[in-house]
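Novice: Before anything else, here's the structure in question.
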Amino acid sequence: MMNYLRNSDFQGMFSCFLLILISAILPLSGQQNLTLQEALAQAQNNQLYQARLAQIEVLKGRLEQSGKKLNPRLESEFNTAVISKEREDYEFSLVFSNTWERGGPRELRQQIAQIELEQAALAAERHLRILTSEIRLAYLELLRLQGRIDLLEDHREKVNQVLQFDQVRVQEGEIPSLNPEYLLAEVTVHAAQKGQLETQHRLAQYRLNVLMGAPVETEHGVVEEPIQEAPLPALDQVVSFALKNRADLNSMRSSIEQADLQINMENATGKRDWEWGVGYQYGRDTLQSDDFFPSGIIESVDSSSHRLLLNLTIPLPMGDNNSGNLTSAIAAKRVRERELAHQESVIRSEILSAYQEYQFNQQRGKLYRQTLVPRLQQNAQRLDAAYQLTGEDVTVWMSIQRDLMEAALQGLEADFQLRASVVTLEQAVGGSLEEVMQSSSP
């Protein structure tokens with residue numbers, strides 16, 4: 001065994017493992033730290049959110065256009081004719097005309113455009129809330145993966161310390177033998193697991209960059225924040241807040257108002273627009289003696305006329321009274337009302353599920369943080385001290401270390417699920433738990 005420990009192949013293999021693990025740590029250590037608040041502040045740079053803001057500008061232009069009146073029309077006409085043998089006669093007219101929108105569609109167009117603009121603002125607000133929730137979840141995922149990597153690294157260091165320590169003990173004759181293959185196999189397994197986690201860490205980093213609108217290749221180091229469990233409001237308070245404040249529900253209510261306006265618009269269209277006009281006409285005629293009967297009564301006469309023209313065009317709804325479009329608009333309102341009722345039921349179920357998940361993860365996290373992990377840490381410390389004194393079987397020491405690492409990983413997962421359930425609950429509510437508490441307070 002002593003010869004095996006002094007073998008250069010073994011020493012080279014062991015050094016190789018150390019170099020691999022150290023090289024895997026270095027890329028993470030050079031990253032620039034990014035806090036959660038800094039990540040959330042960059043949500044404004046997301047391309048889809050910028051597209052929502054651009055859509056608001058589009059609808060602002062439509063609102064401006066909807067308030068404009070119809071352009072009037074100016075028509076002129078000039079006619080000539082030869083009704084005598086020697087002189088030419090002519091007639092000239094100038095008419096100003098316009099459309100009379102009898103049902104008030106201009107005001108209705110403005111109101112519909114205003115509602116569409118409000119809906120776009122609500123859509124942008126909802127998109128930003130969802131986006132910030134996704135950023136928070138992506139940030140938590142990075143924390144979770146980094147925590148798992150750190151736990152694996154701690155375990156690897158413990159195994160390496162035992163391996164190096166026992167080599168000395170074997171050399172000094174304190175313990176009879178050592179099984180290095182067993183410990184090296186443990187290091188190899190954890191090196192592979194760490195490499196897989198680092199791959200997942202890079203993918204999570206890329207996703208966070210896309211959500212923040214940052215270059216995909218940018219590297220950030222996340223900052224661990226203490227867990228602050230917000231007070232959980234009563235379920236009825238949470239549901240009431242969501243039904244009043246969720247942007248998608250407000251947008252659907254706005255769409256019902258828009259449906260009412262569309263019904264009024266179809267009624268206005270059914271009244272048909274009238275065309276009215278006012279104008280002036282001038283005519284000049286010249287008559288000769290041969291134009292009269294009997295001829296020669298009057299040798300010749302010149303005449304001119306000035307006329308005021310008034311016209312009104314009234315379409316008759318004999319073939320189309322717009323009843324089909326009116327019926328369709330009424331039915332469309334009923335569809336939107338049903339969709340709103342359905343969405344309210346979906347939101348109730350989402351809140352109930354997220355509420356129960358938060359309570360479960362809260363109890364689960366306390367179980368690991370306050371009970372299981374501390375007890376396993378105490379057992380591991382006692383066993384480690386006993387192992388160093390007695391040199392008992394290393395497999396027993398390794399077993400308790402694995403149990404401790406697994407419990408720590410489960411505890412880390414429980415913390416992640418607790419924080420994620422807060423994000424899920426607040427996303428279902430449409431606001432933070434603090435806002436719910438403030439809205440329910442007198």
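The values are calculated or read from the model by the stated rules, or taken from the named source; none is laboratory data. None of these values were measured; they are calculated from a predicted model. Heads up, the Cβs are rebuilt from the backbone with ideal geometry, glycines too, and the neighbour counts pull from every protein chain shown.
Novice: In this structure, is T199 among the hydroxyl-bearing types (S, T, Y), free of Cβ contacts under 8 Å to residues at least 60 places away in the same chain and part of a loop (DSSP other than H, G, I, E, B)?
Specialist: Answer is no for this residue.
Novice: So which residues in region 126-158 are without any contact (Cβ under 8 Å) to a residue 60 or more places away in the chain and surrounded by 18 or more Cβ atoms within 10 Å (Cβ to Cβ)?
Specialist: Within region 126-158, just L145 meets the criteria.
Novice: Shifting gears a bit: Check off (1) modelled with pLDDT under 90; (2) surrounded by 20 or more Cβ atoms within 10 Å (Cβ to Cβ); (3) under 30 Å from K68 (Cβ atoms) for E101 and give me the number that stays unchecked.
Specialist: (2)
Novice: Within region 237-271, work out how many residues are buried (at least 19 other Cβ atoms within 10 Å of the Cβ) and not in a helix (DSSP H, G or I).
Specialist: Within region 237-271, residues that are buried (at least 19 other Cβ atoms within 10 Å of the Cβ) and not in a helix (DSSP H, G or I) number 1.
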